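Throughout, read-outs are computed from the coordinates displayed, never taken from laboratory work. Keep in mind that what you see is a predicted model, and the values were worked out from it rather than measured. A quick note on method: Cβ atoms are made from the backbone with ideal geometry, for glycine too, and the neighbour counts reach across all protein chains shown.
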Amino acid sequence: MSDTPGMAALPRSYLDPTGGGGLKSWIFSTDHKRVGLLYLCGITFFFLVAMLLGLTMRAELLAPGQQLVSPRVYNSLFTLHGVIMIFLFIIPAIPGVLGNFMLPLQLGAEDVAFPRLNLLSWWVYMAGAVLALLSLFGGGVMDTGWTFYAPYSIRSGSNVSLAVLAAFVLGFSSILTGLNFITTIHRMRAPGMSFFRMPLFVWGLYATSWIQVIATPVVGITLLLVVLERMLGIGFFDPARGGDPILYQHLFWIYSHPAVYVMILPGMGIISEILPTFARRTIFGYKAIALSSMAIAAVGYLVWGHHMFTAGMSDLSRVIFSLLTFLVAIPTGIKIFNWVATLYKGSIQLDSPMLWAMGFIFLFSIGGLTGLVNGALSTDIHVHDTAFIVGHFHYTMFGGAGIALFAGMHYWLPKIFGRRLFEKPAKWAFALVMVGFNTLYFPMLVMGIQGMPRRYHDYLPEFQPMHALSTVGSWIIATGILLMIWNLWRSARHGEPAGDNPWGGTTLEWQTTSPPPTLNFHGHVTVTKDPYDHGGHA
Amino acid sequence: MSRFLQRLLGLSGPQPPHSAHGLAAEAGTAPTHVPHKDYEGAKTGMWLFLFTELLLFGGLFLVYAVYRQMYTHEFHAAARELSRVLGVANTFVLLTSSLTMVLSVTALQRGDRRSALNTLFWTLFLAGAFLVIKAFEWGVKFSHGLYPGSEQLRELPLGEGLFFGLYFVMTGLHGFHVIVGMILLAVVARRVQDGRVHSGDFVLLENAGLYWHLVDLIWIFLLPLFYLTN
């Protein structure tokens, strides 16, 4: 597809220092690959910070009563953990890092449609991050929970305004990325790449980008209203002035529910890339997987009410929201069944990316099925605001989006840095994370059903065994994650040269050198085949 | 700011060959890099951006709809405080500015730079006039003790306070968009003047025009919702 000239004549890789090298050649680079790595630095830092906050919470909950921190600090801990994980890590993570890096490569393009806007997105992301950090100083750390529910967020004496403003700014970054990706996908595909020849990761990003563009402005204005409310006392969400706090919840979830699909859809795309490569056969049900991403994005926009079943809503609306919620399970199920069918009669190779991908399917299935418990009206009344919810969304967000990011990093690291992985530590890290994950979060599901509320600093003695188990799990998974990050770092620096296509992938990014040159390809790219054509196998 | 707007509103494609691109070209094997200019792509990006702007205001229209439903009577009473004359005058000003904006785009497409610039300046002038009228209107409200958080506003019946809250937030956010639009138009005017935007490459002007029509469009909805409800 692209004529590869001899090694000596190869253009330099995007990693080679340019124009004197140095920091400036990175933070002002419009190269989508460099922007992707900038995001990687940002999200890794914030992930580790939020992980530390999570570990502190778990340590506090090791036994009933106060261990490490006061209830007030505990409130700030879970708020910060949520805000950082959601707005600074998981929403930008996959689109920002792997999306930026891989989208133009997988399309056979030189860059995204608006490279400078792309760099701006990262700068806006960093500006939002700085605002969020500034909110930690002066006026008390925010303690509202990451949802900023009114009226408490209006009345809390803590530094809510800056944190909310940070979320607003981060939303703007997210919108710009989405807008850029949609335009890129429509305008920059290589000759011969029809929509149904696009890799499934691109389809995932496409659906994601639409949600970012459609949903984010709504939360933007809502958060702005919270700030105005605090500064000027307009009263939109304050019952004392005739406002309605429930309206805040609606506006907030109109964005924040679709946002969970912003987190998961690109992750599902990564899994759809890894499975055919390591099963050595084409993906089963390509069109069904591609279109189910769009279906999830479309239906997912209309289910926000299921966060508010106990908040005060008419029975009719609750029934409709519940029904729509169940509908989302259908395209999700389509994906899972197609993935499993892809493995059937494949010649499966269990390298580390494949292990992570299978881990994703396992954990995400638990997350999805526990989601149905919340989506059903009667059971939701029982589990609402319990640890069950916390367990559920960690299985979907961390077990889904987080693990998918890890899978993607293992899969594409040889392409990004041109080095092979050290497989043995990678597999150990995987094992530790899987064991730690389930030890950490499964007890939450059990405790939740038994009646343990979420966001509580203290608890009844009968919950102690479960809490202790969960805390031990947090230590195991933290060890696994640190081992994984260290191994990725070491592999990127000292791994064996990877060659162009170490895994035998069929999508376009594997046709260029590793790491790719600045302009991505060594010639003109034309596409004549389907994305997962492994030849021979059906 | 200007660079950001420029990027936002057009001129797609990688930036002019900087060092990284230069190096790739020096190596000799890569195809010579021609920064491509994708007219369709630039417009697609702009339309998507306008779409997000509509949704941003959409959230406020939703809040308006809910509270108007809850406090119909109070909304009608409070709307009597607003000056219909000033509202309609401003609508006229803004609609005219949209007309001069269109005239500017068509003039540039014909290659008539002079008249494109003239009409662009008229657009800017009318935008300024809109803001002056708006400032006058707000000033009168303030002098009557009606401003966000004021004592007088708190003493009004519940729904009336919300009406004025919405009035200030929505016209304020709209006014902010007018200011951004003016900066944008000034940047474009500069570029038309020095010839970087011309009859062969006018997507920046056209996108700025699209943005300006959006500002106009939103006002057309604000007028009846606030000034004509009493």
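Looking at A:Ala132, A:Ala63, A:Ala59, A:Ala127, can you tell me which residue is more than 30 Å from A:Asp530 (Cα to Cα), touching a Phe, Trp or Tyr at 6+ places or on another chain (Cβ under 8 Å) and not basic (Lys, Arg)?
Just one listed residue meets the conditions, A:Ala132.
Residue by residue, here is whether (1) part of a helix (DSSP H, G or I); (2) surrounded by fewer than 24 Cβ atoms within 10 Å (Cβ to Cβ); (3) under 23 Å from the mean Cα position of the chain (by Cα) holds:
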residue: A:Leu372; (1), (2), (3): yes, yes, yes
residue: A:Phe388; (1), (2), (3): yes, no, yes
residue: A:Met397; (1), (2), (3): yes, yes, yes
residue: A:Ile403; (1), (2), (3): yes, no, yes
residue: A:Ala407; (1), (2), (3): yes, no, yes
residue: A:Pro425; (1), (2), (3): yes, yes, no
residue: A:Ala429; (1), (2), (3): yes, no, yes
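Yes/no matrix, rows are residues, columns are (1) under 20 Å from A:Gly204 (Cα atoms); (2) among the hydrophobic types (A, V, I, L, M, F, W, C):
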| residue | (1), (2) |
| --- | --- |
| A:Gly42 | no, no |
| A:Phe45 | no, yes |
| A:Met51 | no, yes |
| A:Arg58 | no, no |
| A:Leu62 | no, yes |
| A:Pro92 | yes, no |
| A:Asn100 | yes, no |
| A:Pro104 | yes, no |
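For region B:38-121, give me every one of the helices (runs of 4 or more DSSP H) that falls completely inside it and has 3 or more residues that are of a type in the set (Gly, Ala, Ser) and closer than 26 Å to A:Val218 by Cβ.
The helices (runs of 4 or more DSSP H) meeting that bar are B:39-70.
Would you check which residues across region A:32-50 are out of contact with any Phe, Trp or Tyr (no Cβ under 7 Å at 6 or more places or on another chain) and either hydrophobic (A, V, I, L, M, F, W, C) or not in a helix (DSSP H, G or I) (or both) and list them?
Answer for region A:32-50, where residues must be out of contact with any Phe, Trp or Tyr (no Cβ under 7 Å at 6 or more places or on another chain) and either hydrophobic (A, V, I, L, M, F, W, C) or not in a helix (DSSP H, G or I) (or both): A:Leu37, A:Leu40, A:Cys41, A:Phe45, A:Leu48, A:Val49.
In region B:66-109, what count of residues is obtained for those that are farther than 16 Å from B:Ala129 by Cβ, more than 14 Å from chain A (Cβ to nearest Cβ) and of a type in the set (Val, Ile, Thr)?
Total meeting the criteria: 3.
Of all residues in region A:316-345 being among the hydroxyl-bearing types (Ser, Thr, Tyr) and touching a residue at least 40 places away in the same chain (Cβ under 8 Å), which is farthest from A:Met358 (Cα to Cα)?
Ranking the qualifying residues of region A:316-345, first place goes to A:Ser322.
How do the pairs read when you match residues in region A:194-214 that are under 19 Å from B:Glu53 (Cα atoms) with residues anywhere that are part of a helix (DSSP H, G or I) and among the aromatic types (Phe, Trp, Tyr), using Cβ under 7 Å and keeping only pairs 6 or more apart or on different chains?
Final answer for the pair search is A:Ser209/A:Phe181; A:Ile211/A:Tyr261; A:Val213/B:Phe51.
Please verify whether A:Asn487 is in a helix (DSSP H, G or I) and within 27 Å of the chain's Cα centre (by Cα), treating the condition exactly as stated. Reasoning before the result, please.
Numbers: in a helix (DSSP H, G or I): yes; within 27 Å of the chain's Cα centre (by Cα): yes.
Criteria met by A:Asn487.
Within region A:174-194, identify whether any single residue is of a type in the set (Lys, Arg) and closer than 30 Å to A:Met308 by Cα, and answer yes or no.
No, every residue in region A:174-194 fails to be of a type in the set (Lys, Arg) and closer than 30 Å to A:Met308 by Cα.
Somewhere in region B:175-194, is a residue within 13 Å of chain A (Cβ to nearest Cβ), part of a helix (DSSP H, G or I) and either out of contact with any Cys (no Cβ under 9 Å at 6 or more places or on another chain) or crowded, with 18+ Cβ neighbours inside 10 Å (or both)? Outline the logic, then answer.
Going residue by residue through region B:175-194, those that are within 13 Å of chain A (Cβ to nearest Cβ) are B:176-177.
Among the residues that remain, those that are also part of a helix (DSSP H, G or I) are: B:176-177.
Of the ones still in play, those that are also either out of contact with any Cys (no Cβ under 9 Å at 6 or more places or on another chain) or crowded, with 18+ Cβ neighbours inside 10 Å (or both) are B:176-177.
Yes, because at least one residue in region B:175-194 is within 13 Å of chain A (Cβ to nearest Cβ), part of a helix (DSSP H, G or I) and either out of contact with any Cys (no Cβ under 9 Å at 6 or more places or on another chain) or crowded, with 18+ Cβ neighbours inside 10 Å (or both).
Out of the residues in region A:510-529 that are more than 14 Å from chain B (Cβ to nearest Cβ) and more than 14 Å from A:Arg189 (Cβ to Cβ), which is farthest from the chain's Cα centre (by Cα)? Steps first, answer last, please.
Applying the first criterion (more than 14 Å from chain B (Cβ to nearest Cβ)) to region A:510-529 yields A:510-511, A:514, A:527-529.
From what's left, more than 14 Å from A:Arg189 (Cβ to Cβ): A:510-511, A:514, A:529.
On the way: A:Trp510: 24, A:Gln511: 27, A:Ser514: 25, A:Lys529: 30 Å.
So, considering only residues that are more than 14 Å from chain B (Cβ to nearest Cβ) and more than 14 Å from A:Arg189 (Cβ to Cβ), the one farthest from the chain's Cα centre (by Cα) is A:Lys529.
Sort out which residues of region B:39-65 are more than 7 Å from chain A (Cβ to nearest Cβ) and crowded, with 20+ Cβ neighbours inside 10 Å, and write them in order of number.
Result: B:Ala42, B:Met46, B:Phe57, B:Tyr64.
Check A:Val130, A:Val112 and return the single one that is more than 10 Å from every other protein chain (Cβ to nearest Cβ) and either more than 20 Å from the chain's Cα centre (by Cα) or outside any helix (DSSP H, G or I) (or both).
Criteria check complete, one pass: A:Val130.
Being within 7 Å of chain B (Cβ to nearest Cβ) and closer than 15 Å to A:Phe172 by Cα is the filter here, so list the residues in region A:217-253 that pass it.
Passing the criteria: A:Pro217, A:Val218, A:Gly220, A:Ile221, A:Thr222.
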